[in-house]
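The values are calculated or read from the model by the stated rules, or taken from the named source; none is laboratory data. Predicted model, so just to flag it, every value in this text is computed and none were measured. Positions of Cβ are generated from backbone atoms using ideal geometry, with glycine treated the same way; all protein chains shown enter the neighbour counts.
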Amino acid sequence: MTEYVGIDGCHDGWIAVFTDEYDVISIKVKEKLTGFDFNRSNPNSIILIDMPIGLKNRPDAKLRKIMHGNKNSVFSFPKNLPDTEKEYRENKDSITISAQANAIMHKIYEVKEFVAGKDVLQFWESHPEFCFELLKNREGLFPKKTGAGQAERLLILKEYLGFAGIEQLLREARKRGEDAFNFDDLLDAACLAVMAKMIGTKENLGKIKKSDDDCPFIAYAKNLM
């Protein structure tokens, strides 16, 4: 079975939405990335995560340039962060970084450690706000924390997940409340799962692997532009 996964950070650690070629959906929340049981038996499985993973060519400026909506959702990171979180904490006063980035630095280093020297399938950085724009034909969106923004994103996802998929998302949100994650965290993870599946088609993946772009979700967008 080919597995497509979208992951976002949340209160309890990480929230992941899993889909496959049959549109089966499951939603899992784990404190650590190592807690997820990813399907490593299929090399075509794709995981997209909304977190920097140490790309050599950061896509931040490129994303801000081509996004139509909330460009402030993309914030930049230094190219050469220290290798460990301990080193970062010891030297952070000399590192220019935004408050937003500093707040999630522990997660950035968790991802860095997770992918280092391990077979983690096709595990790629992504950006749900931009991916939602792609799914909406490259149009801007209402702010994701608002009722209008969340309703808009549900309608976008319904086209790809169907009524059953949306009901699964809503059921999970009702079951867990906001103690484990915010509703927009769930929507972002679902969006990345949908994008992972779209990237994973033979045609798209072939084009992306031939691209010199470090970010498959941007390379995918170029196929549409």
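Overview of results
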| item | result |
| --- | --- |
| Members of the stretch 58-73 that are out of contact with any helix residue (DSSP H, G or I) (no Cβ under 8 Å at 6 or more places or on another chain) and part of a helix (DSSP H, G or I) | D60, A61, K65, N72 |
| Filter pass, I53 being assigned to a loop (DSSP other than H, G, I, E, B), more than 22 Å from K136 (Cα to Cα) and within 17 Å of the chain's Cα centre (by Cα) | yes |
| Selection count where residues are farther than 19 Å from M51 by Cβ and under 18 Å from the mean Cα position of the chain (by Cα), scope the stretch 205-220 | 2 |
| Enumeration of residues in the stretch 28-50 that are farther than 27 Å from L205 by Cα, within 17 Å of the chain's Cα centre (by Cα) and not charged (D, E, K, R) | V29 |
| Residue match in the stretch 119-130 (condition: in contact (Cβ under 8 Å) with a residue 60 or more places away in the chain, outside any helix (DSSP H, G or I) and of a type in the set (D, E)) | yes |
| Residue under evaluation A103, criteria (1) exposed (fewer than 12 other Cβ atoms within 10 Å of the Cβ); (2) at pLDDT 80 or above; (3) over 25 Å from R153 (Cβ atoms); (4) not polar (S, T, N, Q), criterion not met | (3) |
| Elements of type helices (runs of 4 or more DSSP H) in the stretch 169-225, at least 1 residues being closer than 23 Å to G9 by Cβ and in contact (Cβ under 8 Å) with a residue 60 or more places away in the chain | 183-199, 216-224 |
| Criterion: closer than 30 Å to T146 by Cα, buried (at least 16 other Cβ atoms within 10 Å of the Cβ) and at pLDDT 90 or above - qualifying residue of L48, L63 | L48 |
| Pairs where the first residue, in the stretch 77-88, is at negative phi and the second is of a type in the set (S, T, Y), C-beta under 6 Å, 6+ apart | P82/Y88; E85/Y109 |
| Meets criteria (within 23 Å of L186 (Cβ to Cβ) and crowded, with 17+ Cβ neighbours inside 10 Å) for L81 | no |
| Single residue of A196, A164, A180, A151 found to be of a type outside the set (K, R) and under 28 Å from K62 (Cβ atoms) | A196 |
| From the options A151, A101, residue that is assigned to a helix (DSSP H, G or I), among the hydrophobic types (A, V, I, L, M, F, W, C) and free of Cβ contacts under 8 Å to residues at least 12 places away in the same chain | A151 |
